[in-house]
Amino acid sequence: MAVAAAPLTQAKKKEIGQSYWDLVWYRFKKNRLGVLGAILLIALYGSFVALPEVISPYALENRSNFVEAPPTAIRLIDEKGQLRAPFIYGLERKIDPVRRLRTWELDTDRKYPVRLFVQGDEYKLFGLIPMNIHLFGIEADQSEQRIFLLGSDALGRDYFTRIMYGGRLSLMIGLLGQFLTLVLGTTLGVISGYYGGAVDMFVQRFTEFLSAFPNIPLFMALSAAIPVFWPPTAVYFMLTIILAFLGWGGLARQVRGLILSLREREYALAAKSFGASDWRIMFRHLLPGTMSHVIVIATLSIPGMILAETALSWLGLGLRPPLTSWGTLLQDAATIRAIRFTPWLLWVVPPILLTILTYNMLGDGLRDALDPYSGR
Amino acid sequence: MLNYLLRRIGYALIMIVLVSFTSFIIIELPPGDFLTQKVEQLRARGDRSAEQQVEMLRVRYGLDKPFLERYVNWAVNFLRGDFGESFEFERPVSEILGARLGYTIILALATTLITWLLAIPLGVISAVRQYSWVDQVISVISFIGLGMPGFLLALIILYFAIIVFNLEVTGLFSPEYQDAPWSVGKVLDLLNHLWLPALIAAITGIGGLVRIMRGNLLDTLGQPFVEAARARGLKNRTVTWKHAVRIAINPLITILGSEVFPSIVVGSSLVAIVLNLPTIGPVFVDSLRKLDMYLAGTCIVFFTIMLLVGNLVADLLLAWVDPRIRLE
Amino acid sequence: MENAQTLAGQTFVNPSMDSRPTLLEVRDLKVEFNIRGGVIKAVDGLTFDIKRGQTVGIIGESGCGKSVTARAILRMIPKPGRITGGQILYYRYSRYPDRDGAKKDVEVIDLTTLDPDGELIRQIRGGEIAMIFQEPMSSLTPVYTAGTHLNEAITLHRLLPIKRLGDQMVEAITKYRRVTKEEARQIAIEMLRRVGIPKPEQRVDSYPHQLSGGQRQRVMIAIALSTEPYMLIADEPTTALDVSIEAQILDIMRELQQTANMAIMFITHNLGVIASMADEIVVMYMGKQVERAKVVDLFYHPKHPYTQALLQSVPRLGPKTGARLASIEGMVPDPLNLPTGCVFHPRCPAFMPGKCDKLIPSWNKVGENHWARCLLYEE
């Protein structure tokens, strides 16, 4: 008989002896696209949210006379064809007499070596530790020469720096908004699914109403209603709340549906017969059962929030200067004039797209990993 | 059937009233109105009679009346086809939106058509050749399309058109047709300008629908009736299109009506803003910024009507193609 | 000591039990599924034949390869399965000699060599070998009427002779034409009447969801028979139906078989059904053919321990003995890790240690028209 009991393969043994979350982790690790998304996201948040001060060579609002300068090329070969350490040429202002335009030309006599970890504008790391070290830069007087990796804007500010700082607000609004949505959506979803009755009625009707609304026009109207004279931080939080307010309905509906089926399961009935309180049953027994769904939905809807902020600010209805987000940067970039004369301002688009793509990759990987019964 | 239609239309009317009322409240929310903005402008210019002028306008637009009365007046007039007057343009809203409304609908329909015509065949190919390189390529492209919002894509395309190809891609007409009366040439010119914005606005929807279509069709291809159809000796193509796709498409009709069409209506307005197309999108955003409330309110109502009609059409379409569905 | 390899490699003659002309001959058929975890031998060395008008039953537990065999004959094995060996010889009796361009009355075609999407197999599939399925509830496309389904099969496979006026030579019909829409509808209604659907003129326009489960299976049978096939493959056609309806469906199949001289390959796990339908039975276990016999021989003198166990697990009417219903011990083995030697040995009541788990049994003649694959009958 021993022959019949075939040895289990290694993979199978693994799948059998492990808890649900171990299994999820195991399956997620196998999804290369999902893992790549996760790694990229960590890198994105690390550089744009935690460390923009270190990575960017200047302070956010540091203006200069180098107005609308094109991106600075970092060179390895000089005008005589010799290889040397990375350097940049100086910039010289010229007036184009024919087109009556201000242009910038390279002054090959002035060379500035590009250094790592140079001293520059003061800042506080994580808002606490005073520092002045920047990842890269040139050692020159700021009024004499600057390095503009991605060019400069109409006030002579380094655009690379602005994209780095802008990412902080844009990326955080996605997380904050989604967090609020999660809290609101799951709580109301669980309660409405478990108790039914008045709460259920309210949630149902309200989400129905919201879905009848053309959602982005509603966003627009709501954010246009934020008073102009409010302080920037208040505007930011108001916008976050608006995003969350419009997002929770869908989530609540999904959670409600799951709870409706979960509350009839044996373990929920068992908990009830042991005399567990409603509160405990809802949040200790039922809520965890919806978690995998909720995580996937949340991950896949964060990019929508980031995009909503970007679009609203771009239209002048969301964040407003002096706040700097990818959306407000887009405001300057997205005109025909800007595209014709300062096309480097469009460099704000790639990080937005990258963020959306990585979230989608991660969300897709999570969906596959969290649903072990999905055939595909 | 008639009963069902009447009920749906009644429901739609209630929704429109609710939506427009809410919009009015929202627009009313911020302190000040269009005229307070105007007074400041006039004062800044040093206009002495500012207060007096504004007072006249206030009476003319009915801004001196209480909120509810204003809304009811506007709503009643709306039914008569009078949408109020725009503060900013100092012209009737109907005049401003008139032609734009038509182009908005044309753009949305063209986008929907392109979405449908591209997403279905791509999804079918992807499913029929599951795991082949064609499937992989389509999956990657749809994945990127899914994360490619129309207005950013429009920006990128605008960049390439201007910087690389030196092309004119904005507007819906060439200059020579701009004010010309309608003719075959003008229609062709419109189509020539329309396809690109429509395609751009369609990309996101295509990305999503291809994935849904692929999944649905894979499910359907595993159904017994597909095998039974094959066992009847039908060609593979007939089995796929007449039997499997015909069933797999049904849920997409619902999704098209309830999710894709709304995002197309809104997405194409954003694209229209980038490409400077004469739809209601740009006007709407502008009216919100200026607190031009009759104009903004009318735009929102039109958006809502488009969504509700789209939804209704999708439901009717589904009932028409799927005999299992009874409208009650 | 005998070597398992030589035993396994033994080829056996195809035995014939019936004097009627042969329609289909399956010889040493092998079907494998290449999946991620390994190779599943879904069918491994199956041999039997079907005569014209004969009913052959194939029985076995779920997953024993019965349905795969049926699909192999029609070349409809789902991915990633494929035929890896053997032959399926189909004796094609030319029905429309001129259309088919065949000079002979009978042409032997090895179905395993055909292109599974090709023209020839599609003529045979549905037209000459029809199939009905286990799930009548979902075997009809929900958005088409019964008539549409019938119409598809009829227009695809039925041809009508063109009778020339004034032509005395009735036998020399050389031209055929496709049926018209109206004729197809008439045939469809007639078929529905023959399978016992009331008011067929109205039912022909019914959608699947307007029909009951039994009616749907009748429609499926009507579709299958509307092309006047030589053979019907019935893959557990009554499993999903109520017992009373099952009896009706079986009656219809028997009746139609007699009038049309059609062969039936009847796949089931229900021994009661097979006893009433089949002339001859093939028993399968884990892809292997374990026994083959005339129906009476198999039920009264089962030779293979698996068949014996299978028969003992059927509840019988009669005096109460108080005995428990026998069940087959143990579990169905993992198809990826089949037991060595005889695949049935871990569950076999007649297990001979050192023999059954080492040697692969060969196909032994155990009586007149009776074969079994068991080491008990090995010389």
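Quick notes
- Filtered by the rule that a residue be surrounded by 19 or more Cβ atoms within 10 Å (Cβ to Cβ) and within 14 Å of C:Ile233 (Cα to Cα), the range C:68-87 gives C:Val68, C:Thr69, C:Ala70, C:Arg71, C:Ala72, C:Ile73, C:Leu74, C:Arg75.
- Taken over the range C:272-289, the criterion of being closer than 17 Å to C:Ser67 by Cβ, part of a strand (DSSP E or B) and not hydroxyl-bearing (Ser, Thr, Tyr) is satisfied by C:Ile281, C:Val282, C:Val283, C:Met284, C:Lys288, C:Gln289.
- So B:Phe302, is it more than 9 Å from chain A (Cβ to nearest Cβ), of a type in the set (Phe, Trp, Tyr) and part of a helix (DSSP H, G or I): yes
Each row is one residue, and each column tells you yes or no for (1) within 14 Å of chain A (Cβ to nearest Cβ); (2) of a type in the set (A, V, I, L, M, F, W, C); (3) surrounded by 16 or more Cβ atoms within 10 Å (Cβ to Cβ); (4) farther than 15 Å from B:Ala202 by Cβ.
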residue	(1), (2), (3), (4)
B:Arg91	no, no, no, yes
B:Arg100	no, no, yes, yes
B:Ile138	no, yes, yes, yes
B:Ile162	yes, yes, yes, yes
B:Pro181	no, no, no, yes
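- Residues that are within 15 Å of A:Ile191 (Cβ to Cβ), β-branched (Val, Ile, Thr) and assigned to a helix (DSSP H, G or I) occur in the range A:238-258; there is at least one.
- Per-region count, the range A:269-279, residues free of Cβ contacts under 8 Å to residues at least 24 places away in the same chain and surrounded by fewer than 14 Cβ atoms within 10 Å (Cβ to Cβ): 7
- Members of the range B:278-298 that are among the hydroxyl-bearing types (Ser, Thr, Tyr) and either within 9 Å of chain A (Cβ to nearest Cβ) or in a helix (DSSP H, G or I) (or both): B:Ser287, B:Tyr294, B:Thr298
- Of the residues making up the range B:244-266, those that are within 22 Å of the chain's Cα centre (by Cα) and facing another protein chain (nearest Cβ under 9 Å) are B:Asn250, B:Ser258, B:Pro262, B:Ser263, B:Val265, B:Val266.
- Residue-level check: of (1) within 25 Å of the chain's Cα centre (by Cα); (2) within 18 Å of A:Leu345 (Cβ to Cβ), A:Ala73 misses just (1).
- Within the range B:306-321, the set of residues being at the interface with another protein chain (Cβ under 10 Å from one of its Cβ atoms) and surrounded by fewer than 20 Cβ atoms within 10 Å (Cβ to Cβ) comprises B:Val321 only.
- Of all the numbered requirements in (1) touching a Pro at 6+ places or on another chain (Cβ under 7 Å); (2) surrounded by fewer than 18 Cβ atoms within 10 Å (Cβ to Cβ); (3) hydrophobic (A, V, I, L, M, F, W, C); (4) within 14 Å of chain C (Cβ to nearest Cβ), B:Trp241 misses one, and that requirement is (1).
- Test: residue in the range A:204-214 that is within 30 Å of B:Ala12 (Cβ to Cβ), in the same structural domain as A:Pro322 (by TED's automatic domain parsing), in a loop (DSSP other than H, G, I, E, B) and modelled with pLDDT under 80: yes
- Matching residues, the range B:267-277, being buried (at least 24 other Cβ atoms within 10 Å of the Cβ) and within 9 Å of chain A (Cβ to nearest Cβ): B:Gly267, B:Ser269, B:Val274
- Which numbered condition A:Phe117 fails, given (1) surrounded by fewer than 16 Cβ atoms within 10 Å (Cβ to Cβ); (2) at pLDDT 80 or above; (3) assigned to a loop (DSSP other than H, G, I, E, B): (3)
- Entirely in the range A:275-343, the helices (runs of 4 or more DSSP H) that have 1 or more residues that are of a type outside the set (Lys, Arg) and more than 14 Å from every other protein chain (Cβ to nearest Cβ): A:287-314, A:326-333
Let's see how each residue does on (1) modelled with pLDDT of 90 or more; (2) β-branched (Val, Ile, Thr):
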{"residue": "C:Thr174", "(1), (2)": "no, yes"}
{"residue": "C:Arg177", "(1), (2)": "no, no"}
{"residue": "C:Met220", "(1), (2)": "yes, no"}
{"residue": "C:Ile233", "(1), (2)": "yes, yes"}
{"residue": "C:Val243", "(1), (2)": "no, yes"}
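To keep it simple, each residue is scored yes or no on (1) surrounded by fewer than 18 Cβ atoms within 10 Å (Cβ to Cβ); (2) touching a strand residue (DSSP E or B) at 6+ places or on another chain (Cβ under 8 Å); (3) more than 30 Å from A:Thr328 (Cβ to Cβ).
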{"site": "B:Met148", "(1), (2), (3)": "no, no, no"}
{"site": "B:Leu158", "(1), (2), (3)": "no, no, no"}
{"site": "B:Val226", "(1), (2), (3)": "no, no, yes"}
{"site": "B:Ala231", "(1), (2), (3)": "no, yes, yes"}
{"site": "B:Ile247", "(1), (2), (3)": "no, no, yes"}
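- Scan of the range A:20-66 for residues that are loosely packed, with under 14 Cβ neighbours inside 10 Å and either modelled with pLDDT of 85 or more or at positive phi (or both), ordered by number: A:Ile39, A:Ile42, A:Ala43, A:Gly46
- The lone exception for A:Gly247 - which of (1) in contact (Cβ under 8 Å) with a residue 12 or more places away in the chain; (2) more than 26 Å from A:Asp22 (Cβ to Cβ); (3) surrounded by fewer than 22 Cβ atoms within 10 Å (Cβ to Cβ); (4) away from chain B (no Cβ under 14 Å) it fails: (3)
- Residues that are within 23 Å of C:Pro80 (Cβ to Cβ), more than 10 Å from every other protein chain (Cβ to nearest Cβ) and among the acidic types (Asp, Glu) were ranked within the range C:107-149; the one that is farthest from the chain's Cα centre (by Cα) is C:Asp115.
The values are calculated or read from the model by the stated rules, or taken from the named source; none is laboratory data. Owing to the predicted nature of the structure, the values given are computational and were not obtained by experimental measurement. We place every Cβ from the backbone using ideal geometry, glycine too, and count neighbours over all the protein chains shown.
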